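Here is the structure we will look at, set down as structure tokens.
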Amino acid sequence: MCCPRTPGPEMLAPAGIALTALLCVGLLAFAGPSQAADLDDPRERKREVDQGIADLEHQLEGTSAELQAAFAALQATQARLPQAQAELAQAEETRTQAQRKDVELAGRLAAASESQGAAEAAIVEGTEAIAGTETTIGQIASQAYRGAGLAPELSIVLDARTPDDFAERFVLVDTALRSQNGALARLQEQQAVRANAEARLVAVQGEVTRLRKEAADNLEVARQAQAAATERKVEIEQLVVQQQQATAVIEARRAEETARLDQLEAERTALEAELARLAEIARREAAELTAREAAERASAERASAARAAADRATRSRAASQAPSAALLRPVGTRITSQYGYRVHPIYETRRLHGGTDFGGPCGAPVKAAEDGEIVRAGTNGGFGNQVVVNHGIVDGQPVATSYNHMSGYERTVGRVSRGDVIGYIGTTGSSTGCHLHFEVYIDGATTDPMRWL
């Protein structure tokens, strides 16, 4: 996972704080879902982010603060953009599903409303039918009341004058009885039909209420999805603009950054030349002590002339035979960046990181790695506040050390002894945080300090 980490508070300079904050927001808060899923533990996720930010800061050592910020913004945008696009697609899919469901619910609601209307009409019709039947039954009851206590059917039959009249009246009575019984049966049936319609109406009304609520809830889902989609679209547009702006800054600063890096190389080359001269003097002075040393001096001069024509990297390999712990470690803090070639994370150019970085709080003491003479002390471009100590011959080789980015000095001239405090950790020059950039020179050429510590 290519995710920057942030150093501890002791390593944060003002410029570094802004870069760290931007990287934390951009690369942690904008980290993709798959990364977040892989790092469920927040503490593990923080360690991962911290590690990545520190790695990137060391890679950007010597880079201008403006370019660092532009690169961090570009990284943050590139990390966030795919996730924002995925969130937009999800919001639009949610909105589409809600719209489809809205059509479905509208159809179901229309059908339920139609059923409700039919049930209400059936109740009205049944009520009217029951009222008519009840009127008929009421008329029959009224006739029975007028029969002076006798059943109306019996009164009608007894009033017959002839057998034929009796037969006719009997048929009429039978018809009337049948009509009365039919009215009662019809009334019961009509009441049952209306009760059924009323029950159906209650059920349909419940269904209509539920569908209306579901439709309202679905409408809210669609509204929120629309709002989220609009918000993501705006964010994506802003991210694209930010990406274009950051890219423009990076491209505009390409020549300036290349010149800055070339200047750092020039500063180191000049220092190497001066230290090579001092190394030659140290060899000559050491050789003058005895005749054997004089012979060694002549041999050293010939070797020095041959090495001067060779590549500095070839000369630095001579230090590979140096014994371990020949020099004192200048600070007791942790190593944050090793010696060696780096690929610039923005422009992909290959440059030498000519020393070892020790992280630590600004103001922590820096000690001389060995007895020697201070040959340079002051501000030196990208190296910031610098002290250079010439140690003369150490284990048979001319050795010098350089202490860079310091916040201040304790010693600027004269001789120093191994372990003397000469300055304090800082973040001057081209630096992204409080640390000591420590370099070791053998015969004027940089070498890996860890071979000597």
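The values are calculated or read from the model by the stated rules, or taken from the named source; none is laboratory data. Just so you know, these numbers come straight off a predicted model, no measurement behind them. A quick note on method: Cβ atoms are made from the backbone with ideal geometry, for glycine too, and the neighbour counts reach across all protein chains shown. Please note that ligands, DNA and RNA were not included when accessible areas were found on the heavy atoms of the full protein model with its side chains. Shrake-Rupley method; radii C 1.70, N 1.55, O 1.52, S 1.80 Å.
What order do Arg186, Arg268 take when sorted by accessible area (1.4 Å probe), most exposed first? Let's see the in-between values first.
On the way: Arg186 100, Arg268 20 Å².
The ranking, largest first, comes out as Arg186, Arg268.
Can you tell me how much longer the chain between Arg284 and Ala110 gets when fully stretched, taken as 0.36 nm per residue apart minus their C-alpha distance, in nm with one decimal? Can you show the working numbers first?
Working: separation 174, 0.36 × 174 = 62.64 nm, distance 10.64 nm.
Roughly 52.0 nm would be gained on extension.
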Computed label-point distance, nm, for sites Glu410 and Val103 using a 7 Å Cα→Cβ extension: 8.0 nm
Charge dipole (debye, nearest 20) of segment 365-453; +1 at Cβ of Lys and Arg, -1 at Cβ of Asp and Glu: 200 debye
Local electrostatic count at Gln205 - Lys and Arg +1, Asp and Glu -1, tallied over other residues with Cβ under 14 Å: 0
For segment 191-244, alpha-carbon Rg and Dmax in angstrom: 23.2, 79
At 0.692 mPa s and 37 °C, Stokes diffusion of segment 387-453 via Kirkwood alpha-carbon radius, µm² per second: 257 µm²/s
Sites Glu220 and Glu251 - FRET efficiency at Förster radius 41 Å, r taken between beta-carbons, to 0.05: 0.30
Potential lengthening between Glu66 and Leu184 on full extension [0.36 nm per residue; Cα-Cα distance subtracted]: 32.6 nm
Accessible area (Å², 1.4 Å probe, nearest 10) - Tyr409: 80 Å²
In Å, descending, principal axis extents of the Cα set of segment 70-122: 75, 11, 8
